[in-house]
Amino acid sequence: MTTPLTAEQEASLIAAIQQAELTTSGEIRVHLEDTCPTPEPLDRAAQVFAELGMHKTAQRNGVLFYLAWQT
């Protein structure tokens with residue numbers, strides 16, 4: 001998989017997530033893919049959410065940002 005982010009952008013994104021998690025009980029993840037392997041991106045996001053165990057967070061308040069950037 002390629003990534004649309006430079007190393008600097010990725011580090012900035014990680015820092016922003018860490019900062020956001022300091023002010024909320026939510027657990028935040030970002031999942032990037034070249035293309036969505038399913039016809040419906042929302043279905044794929046739900047699949048990734050489950051695969052990552054986001055429904056099992058301590059307070060059941062996981063947040064997933066799903067992005068497939070190519071068509």
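The values are calculated or read from the model by the stated rules, or taken from the named source; none is laboratory data. These figures come from a predicted structure and were not determined experimentally. Protein only, heavy atoms only, side chains kept; ligands, DNA and RNA dropped before computing areas. Shrake-Rupley method; radii C 1.70, N 1.55, O 1.52, S 1.80 Å.
Each distinct pair of alpha carbons in the chain adds a 1/r term; the inverse of their mean, the Kirkwood radius, is 13.2 Å.
Evaluating 6.51 cos²θ - 1.76 cosθ + 1.60 at θ = phi - 60° for every residue in the range 24-37, the Karplus couplings come out as 8, 8, x, 10, 10, 9, 10, 10, 10, 9, 4, 9, 7, x Hz, glycine and proline recorded as x. When the Gaussian network model of the chain links Cα atoms closer than 10 Å, the mean-square fluctuations of 44, 60, 29 top out at 60.
Shown for the chain: the carbon plus sulfur share of the solvent-accessible area, taken with all protein chains present and a 1.4 angstrom probe, equals 56%.
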